[in-house]
Amino acid sequence: MKIVIINSGSSSIKYQLIEMPSRDVICSGMIDRIGLDISNITYKTNTDSLEENIPIPNHKIGLERIAQLLMDDSIGVIKSTQEIDVVGHRVVHGGASFSNTVVIDSAVKEKIRQLFALAPLHNPANLEGINVASAIFKEAQQVAVFDTAFHQTIPVIAHKYAIPNKFLTENKIRVYGFHGTSHKYVSERAIEYLDKSNKIITIHLGNGCSMTAIKDGESIDHSLGFAPSNGLIMGTRSGDIDPSLVFYMVNMLGYSLDAVNNLLLKESGMLGLTGFSDLRDIESQAEQGNAACQLALAMNAYRIKKFIGSYTAVMNGLDAIIFTAGIGENSSYIRKLVCTDMDYFGLELDDVKNQIRSKEMREINTPNSKTKIMVIPTNEEIEIANQVYDLLLN
């Protein structure tokens, strides 16, 4: 079974063509910095690779370019779209409607559309990916894997908000959690690796960021909530703020609700603090002495530390923390900021190991560290392929 995996993030598209059940990756690649002046495109097979730096203004154009590469006369891996059996899509918000992987039909697409307001940076891109893929791979089944599914195990004590009960019972307003495909994948790899693995914190750091407390293999708390906008400081999203700020900005500063929503989702976070949304640019500026960038990075790490403390408390202990996703896997700078002065939690970072760049799962703690500090590259695409294959096989 040949499965194309489309993983549309808020500013990126990751993709893989995977042969199942062998899990052989026939080709893989990524487009990032979508919507910026120059986007980066990578495409890799066992024999060929390509890199491009061109403008990709939106996800539709990005997906069309991916399809062109897959069928390219010289470096393509398929001659016809009929060779693709299934397209598996990551969808960020499933709301109360989806707790499992599903075959996509018109009703599923309409429900994803209805959830746009809860994930405005993601679900529109996810649906765009579904529509474009449906047009390109006309004979393939389209399957959706939801980021919220892994967090269905969060208990009511953690997923219920302290607002009138009817909003949960009638309107299904609760903590849903996100990046579940990534948190599930890296936590399962950690559990396989560690002897003692019942209390883990997974830290997914990309343009969107989240953390999960995982006890005995299950998500029991998570930093994102009803929509993917609270918690950690992100590329353009503010993360946690005092909700009274919204009313102040509307009633006293004259902002409309739409303007506040746009500001908190698209103009805040690291972009609002520094003028840059890409962490690579921010770290480069910080190293050159840019005080705003240095402060923003310190604030980012400080917020992560607070969640480590709170999740260690609710689990009554900590066996390991796991860094993953683009920033978590590649930024030794952020990892060092997070792990500095955390000896109370048994975290002792090995500076030499932390600086090593690798695509492999690895420990970056010292031998004396009571708590493991690990970097585990996420592979949401493999996890999506596993779930798609299991659904169709059964």
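The values are calculated or read from the model by the stated rules, or taken from the named source; none is laboratory data. Just so you know, these numbers come straight off a predicted model, no measurement behind them. We place every Cβ from the backbone using ideal geometry, glycine too, and count neighbours over all the protein chains shown.
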Item to complete: Would you check which residues across region 28-42 are touching an Asp or Glu at 6+ places or on another chain (Cβ under 6 Å) and crowded, with 20+ Cβ neighbours inside 10 Å and list them?
Response: Ile41
Fill in: Pair list, Cβ < 8 Å and 6+ apart or interchain, from region 239-256 residues that are modelled with pLDDT of 95 or more to residues that are in a loop (DSSP other than H, G, I, E, B) and surrounded by fewer than 12 Cβ atoms within 10 Å (Cβ to Cβ)
Val250/Ser256
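Output the residue which, of all residues in region 124-156 that are polar (S, T, N, Q) and in contact with a strand residue (DSSP E or B) (Cβ under 7 Å, 6 or more places away or on another chain), is surrounded by the most Cβ atoms within 10 Å (Cβ to Cβ). Show your work before the answer.
Residues of region 124-156 polar (S, T, N, Q): 126, 131, 134, 141-142, 148, 152-153.
Add one more test, that the residue is in contact with a strand residue (DSSP E or B) (Cβ under 7 Å, 6 or more places away or on another chain), and what stays is 126, 134, 141-142, 153.
Numbers: Asn126: 26, Ser134: 15, Gln141: 16, Gln142: 23, Thr153: 15.
For region 124-156, the residue satisfying everything is Asn126.
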Fill in: Odd one out for Asp281, checked against (1) surrounded by fewer than 23 Cβ atoms within 10 Å (Cβ to Cβ); (2) under 23 Å from Tyr176 (Cβ atoms)
(2)
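Going through Arg113, Arg90 one at a time, which residue ends up being surrounded by fewer than 14 Cβ atoms within 10 Å (Cβ to Cβ), under 22 Å from the mean Cα position of the chain (by Cα) and not assigned by TED's automatic domain parsing to the domain that holds Asp278?
Within the list Arg113, Arg90, the selection yields Arg113.
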Practice prompt. Mind counting the residues in region 28-41 that are more than 19 Å from the chain's Cα centre (by Cα) and either at pLDDT 95 or above or of a type in the set (Val, Ile, Thr) (or both)?
Written response: 1
Worksheet, complete the sentence: Of the residues in region 43-54, those that are buried (at least 16 other Cβ atoms within 10 Å of the Cβ) and either among the hydroxyl-bearing types (Ser, Thr, Tyr) or on the phi > 0 side of the Ramachandran plot (or both) come to Tyr43, Thr45
Item to complete: Could you tell me whether any residue of region 77-90 is touching a residue at least 60 places away in the same chain (Cβ under 8 Å), in contact with a strand residue (DSSP E or B) (Cβ under 8 Å, 6 or more places away or on another chain) and in a helix (DSSP H, G or I)?
Response: yes
Discussion item. Given the criterion closer than 17 Å to Ala96 by Cα and aliphatic (A, V, I, L, M), identify the matching residue among Ile191, Ile173.
Written reply: Ile173
Item to complete: Output the residues belonging to region 206-225 that are β-branched (Val, Ile, Thr) and in contact with a His (Cβ under 6 Å, 6 or more places away or on another chain).
Response: Thr212
Worksheet item: In the set Val132, Val143, which member is in a helix (DSSP H, G or I), of a type in the set (A, V, I, L, M) and in contact with a helix residue (DSSP H, G or I) (Cβ under 6 Å, 6 or more places away or on another chain)?
Response: Val132
